[in-house]
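Input: a single structure, listed below in structure tokens.
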Amino acid sequence: MSIRNEPLLSLRGISKRFPGVKALDGVDLEVRAGELHVLFGENGAGKSTLINVIAGTFAPDEGEFYFLGEPIHDLHPHRARMIGISPVFQEFSLVPSLTVEQNLFLGREMVSYGMINKRAMRQMAQKLIADLGFDLDLHRRVGELSRAHQQMAEIAKSLLGEVKLLILDEPTASLTERETGRLYELIATLKAQGVGIIYVSHRMREIRALADRITVLRDGKLVKTTDAAATSDSELIELMTGRKIDVLFPTIIHQPSGVAVDIENLSVRGNRVNGVNFQARSGEITGIAGLVGCGKSELVRAIYGLEPIRDGTIRLNDAPYGCPSPHISIQKGVAYFPADRVAEGLALSRPIRENASMAALELESFSRLGVLNLAGESARIQQIMNQLKLRPPRIESAVGGLSGGNRQKVMLGRALTREFSIFLFDEPTVGIDVGAKLEVYNFIAGLVENGAAVVVVSSELPEVLALSNRLYVMHHGRIVAELQDDQKTEQNVLASFFKDSSMPTDTVQ
Amino acid sequence: MNVVAHRNYTSAIAVGRATMDVGIVPLLLLVVVAAMALVEPHFYSTGNILNMVRSASFLAVVACGQALVLIAGGFDLSVGAVIALASVLAAKTMAWIGVAYPDEPGLAIAAGVLAAMASGAGVGLVNGFCVAKLRISGFVATIGTMSVTLGIALILTNGIPVYGLPGSFVQQFGRATWLGLPSTIYAALGAIALLVFVQRRTLLGRYIHAIGGNPEAAIVSGVSVFRYQTSTYVLSGVFAALTGLLLTAQVGSGQASLGGDRMMLQSIAAAVIGGVSLRGGVGRLEIVTLASLFLTVLTNALNLLRIDSRLQPVLLGVILVVAVALDELSRRNSALDSHEPT
């Protein structure tokens, strides 16, 4: 084994700014030949921006980039591949209608005398697949393959040709145990050949098994590069989450009264929610924490009627609620705020007025006998948007031109168009800036103080800890903890996440 | 901000919005009309003007129905075939009742109108069911119903026009003039006014925009996508059938050759030139009506100028593509301009 210790890749002071966000702020990174270097951090910490800079997808605004000791400028994806930087992104770069073999050589087909040399390509592809030990049929169309096999094809594609630096972005997310084992063996072989590997993962077990060094990023900044062997799991989590308090959470007065939402043994189709018991009371915020994909979003979506229920009962204010649908939920006073406002919340081409009034149009103050009361609508929405301090207060502007914070205000405006008593927030502050976050928190505080039942689902732990009176923790579709008062701490939540960290689908996000 | 300033500010926005929304169609129309004044005086004869307005109003009825489907994010290729079937069914029904009850022309007309409308609504329901429930793409579903519908119309007639319409239907309605205008124009304008009202002032119209703008958001807001998406296809079918009836009254017989591909293509062209986005969510029926007038006037002008009729589809195609390209360009520019930093 010949591990050369001079750096393969060396980045100094890399910064990358996107409109309104500094995604990377003076980051240094050094990857040695034959090393597996893990990038660790929360969503939005800058990991994917960084690997995109290394792969040539984004040009950095500032900083120096050395590869094999040579300064590199104006990198683009094709050139990155030429010099031996090969990325495997989570978004596959495969064409579903082409075969595995065609995909492997896409853009670098072997040509002799102007003709595609199929035989040479086939031999090379077969040798590669055999070396990798992948169980992959070269003649199948990629679209017919399972996600795991597509992942293998993607990895195989990245290893065709001479690779010096391999970038793997959560490569085991869709692999089985056995396939993951194969990948580990492959990684060991590549390391022995002196290939440097940048590996993005949230899985502690995997990091333990593979990492030589770990670089922790937070809010676009380098926190620390550390030797894997010398750092404990809890130290890593502390490095990752120990952010400065950048938002002052409002003090919320919880005065819990009756049970507004009572869920017994609820399961949804596909078991993303599996046998959950849950209660939300009026006059308090009930939080649900959990990792991405743990089923916490699906739980509130099931209550609202967006997720098909397989089993269990829902009661709203003591009355059974049989087959929830959004239309009936709204009539029963349940408001839902989706996490993805672009995909599920707003019609971007339509004005603020129409988006805000959407859930209330059937009310008498908005329409009679199917005919809209446009003047009444305008006046009411203008009043609501003034109350929410929409700046600028132009309710006829299309929602597509608004910032994340203003888009969320349009969504919040919906809650004021009619009488709601139960509010389900799914990631209420995702993608919005600090000032707007505070306004959202104050809005939620106002609802609770007026006696509403509020459920806040959030992947952002400090947020859900600070807002909620009682906090449920979900994992793999089940409630694994219910925390209250002084039990409600970050350590306890994280502990319940990692209680069964042997499961391969654990992700800290 | 004080009240007066605010009023001025909002009215300035309203004016800005109006010019932006109307787009280039009125300008194009003016150009063609002005140019014809210079080259072809016959263009301005009363007969020609009435002829153009009548054709344009028929096209506009179909195009407005089509536009509602497009705004909701769909596609209706069956409108031309519905015109043919409605014409044939109306004529057959009227002729049949006319023979059975020779003294009751009113009954025959009522039954014929009902049969035509029911066929349009029926095709629309099938389209809506295929698209909203079975999740077939609107393009494929309506190509299917187009083929079936036209086939039925041809089977019913063997390609021969159906005669025997009540005289009052043809003479007192189809070919009559009221206050100097062909009577069918009133019916068509009434239909357009109704559709404009539906779009601008009713829940249905608002939900059509919402569904086209973002179907998932409409679902989350408690809007029944199935009900309203189907409604657009039913409206499109019913108003195509109405056009079939008006054409039947005008020509005096039921014909499977009425409507057809040409009407279908023109209805989509008028909608798109009139600013309806094929991505859904955006479009105004008044402008679609103007665009229908523009297309009709343009065709008429080309005919009067004795431009080879084989060249006309070429021009129409070019205009269509240019209109959509301009729309895309302006949309992209305004998206860049209006984006505030996050």
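Every number here is computed from the coordinates shown, using simple stated rules; none is lab data. The structure displayed is predicted, hence computed values, not measured ones. Every residue, glycine as well, gets a Cβ built from its backbone with ideal geometry; the counts of neighbours run over all protein chains shown.
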At 37 °C in a medium of viscosity 0.692 mPa s, region B:79-180 has a Stokes-Einstein diffusion coefficient, with Rh taken as the Kirkwood radius over alpha carbon pairs, in µm² per second, of 222
Expected integer from the mean partner chain Cβ neighbour count at 10 Å over A:304-316 is 1
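For a quick check: sort A:C294, A:C323, B:C64 by the number of other beta carbons within 10 angstrom, fewest at the front. Before the final figure, lay out the partial values.
Values: A:C294 27, A:C323 9, B:C64 32.
Neighbour counts put them in this order, fewest first: A:C323, A:C294, B:C64.
Please list B:148-154, A:344-350, A:181-187 highest first by mean number of surrounding beta-carbon atoms within 10 Å per residue. Don't skip to the answer; put the middle values down first.
Details: B:148-154: 19.9, A:344-350: 23.7, A:181-187: 16.6.
Peptide ranking by packing, descending: A:344-350, B:148-154, A:181-187.
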1/(1 + (r/R0)^6) with r = Cβ-Cβ of A:R119 and A:R178, R0 = 41 Å, i.e. FRET efficiency to nearest 0.05, evaluates to 0.80
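Working out 0.36 nm times the residue gap between A:R141 and A:E62, then minus their Cα-Cα distance, what length gain in nm do you get to one decimal?
On the way: separation 79, 0.36 × 79 = 28.44 nm, distance 4.17 nm.
Stretched out fully, the A:R141 to A:E62 stretch lengthens by 24.3 nm.
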Taking a ≥ b ≥ c as the square roots of the eigenvalues of the Cα gyration tensor, with a/c under 1.5 meaning rounded and otherwise prolate when a/b exceeds b/c and oblate if not, region B:186-333 is oblate
Treating every alpha carbon of chain A as one equal point scatterer without solvent, the Debye formula yields log10 I(q)/I(0) values at q = 0.05, 0.08, 0.10, 0.13 Å⁻¹ of -0.24, -0.61, -0.90, -1.28
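Using unit Cβ charges (K, R positive; D, E negative) and no other charged atoms, how large, in debye to the nearest 20, is the dipole of chain A about its Cα centre?
Working: 56 positive and 61 negative charges, 204 e Å.
Using only the charged Cβ atoms, the result is roughly 980 debye.
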Taking the dipole of the protein assembly as shown about the Cα centre (Lys, Arg +1; Asp, Glu -1; charges at Cβ), the one of A:I328, A:G376, B:L295 that reaches farthest to the positive side is B:L295
Helix B:46-71 sits off the longest principal axis of the Cα atoms of chain B, rounded to the nearest 10 on a 0 to 90 degree scale, by 60
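Fully extended, how many nm does the chain gain between B:S330 and B:W178 (0.36 nm per residue separation, minus their Cα-Cα distance)?
Numbers: separation 152, 0.36 × 152 = 54.72 nm, distance 4.26 nm.
Full extension of this stretch gives 50.5 nm more.
Using the eigenvalues of the Cα gyration tensor, what equivalent ellipsoid semi-axes result for region B:24-157 when each is taken as the square root of five times the eigenvalue, whole Å, largest first? Could the numbers behind the result be given before it?
On the way: eigenvalues 212, 136, 26 Å².
Equivalent ellipsoid semi-axes, largest first: 33, 26, 11 Å.
Could you rank the peptides A:275-281, B:97-103, A:134-140 by their average count of other C-beta atoms within 10 Å per residue, with the highest value first?
On the way: A:275-281: 19.6, B:97-103: 13.1, A:134-140: 15.4.
So the peptides A:275-281, B:97-103, A:134-140, ranked by packing, come out A:275-281, A:134-140, B:97-103.
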Ranking B:L258, B:G174, A:G295 by how far each Cα lies towards the positive end of the charge dipole of the protein assembly as shown (+1 on Lys and Arg Cβ, -1 on Asp and Glu Cβ), the top one is B:G174
Residues whose built amide H sits under 5 Å from the amide H of A:K224, excluding neighbours closer than 5 in sequence, are A:V216
Ranked on Cβ counts within 10 Å of their own Cβ, fewest leading, A:F249, B:F239, A:F366 go A:F249, A:F366, B:F239
Scalar couplings 3J(HN,Hα) for region B:138-147 by Karplus 6.51 cos²θ - 1.76 cosθ + 1.60 (θ = phi - 60°), nearest whole Hz, x for Gly and Pro, are x, 4, 6, 4, 7, 4, x, 5, 4, 4
Taking B:T93, A:T57 and counting other beta carbon atoms within 10 angstrom, the fewest-first order is A:T57, B:T93
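How would you rank A:473-483, A:105-115, highest first, on the average number of other Cβ atoms within 10 Å across their residues?
Values: A:473-483: 20.2, A:105-115: 11.3.
Ranking the peptides A:473-483, A:105-115 by packing returns A:473-483, A:105-115.
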Quick shape check on region A:38-93: root eigenvalues a ≥ b ≥ c of the Cα gyration tensor, a/c under 1.5 is rounded, otherwise prolate if a/b tops b/c, else oblate, and it reads oblate
In nm, the gap between the two label points placed 7 Å beyond Cα toward Cβ at A:T489 and A:N442 is 3.2
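Of all beta bridges DSSP finds with both residues in the protein assembly as shown, what is the antiparallel percent, to the nearest 5? Could you put the intermediate results ahead of the total?
Numbers: 50 of 86 bridges.
Here the share of antiparallel DSSP bridges comes out near 60 percent.
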Here region A:213-229 yields Karplus 3J(HN,Hα) values (6.51, -1.76, 1.60; θ = phi - 60°; whole Hz; Gly and Pro given as x) of 10, 10, 10, 9, 10, 8, 6, x, 10, 6, 8, 5, 10, 9, 6, 4, 5
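What FRET efficiency do you get for A:V342 and B:L107 if R0 is 56 Å and r is their Cβ-Cβ distance, rounded to the nearest 0.05?
Efficiency for this residue pair is about 0.50.
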Shielding of B:209-216 by other chains, given as the mean Cβ count within 10 Å, works out to 6
The size of the Cβ-based charge dipole (Lys, Arg +1; Asp, Glu -1) of the protein assembly as shown about the Cα centre, to the nearest 20 debye, is 1740
Along region B:164-179, Karplus-curve 3J(HN,Hα) (6.51, -1.76, 1.60; θ = phi - 60°) to the nearest Hz, with x for Gly and Pro, reads x, 6, x, x, 5, 5, 7, 6, 8, 10, x, 10, 7, 10, 10, 6
For the protein assembly as shown, inverting the pair-averaged 1/r of distinct alpha-carbon atoms gives a Kirkwood value in Å of 31.3
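Taking each residue of A:365-374 in turn, how many C-beta atoms of other protein chains fall within 10 Å of its C-beta, and what is the average? Could you put the intermediate results ahead of the total?
Values: counts 0, 2, 4, 1, 2, 6, 7, 7, 1, 3.
Per residue, the number of nearby Cβ atoms from other chains is 3 on average.
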With +1 on the Cβ of every Lys and Arg and -1 on the Cβ of every Asp and Glu, the dipole magnitude of region B:58-258 about its Cα centre, in debye rounded to the nearest 20, is 380
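Between B:R135 and A:Q90, how high is the FRET efficiency from 1/(1 + (r/R0)^6) when r is the Cβ-Cβ distance and R₀ = 25 Å? Nearest 0.05. Mind dumping the intermediate values first?
Details: r = 28 Å, r/R0 = 1.10.
Efficiency computed from Cβ-Cβ geometry: 0.35.
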Between the residues A:P308, A:I285, A:P77, the Cα farthest towards the positive end of the dipole of chain A, that dipole coming from +1 and -1 charges on the beta-carbon of Lys, Arg, Asp and Glu, is from A:P77
What the Cα atoms of region A:62-166 span along the principal axes, largest first and in whole Å, is 43, 36, 25
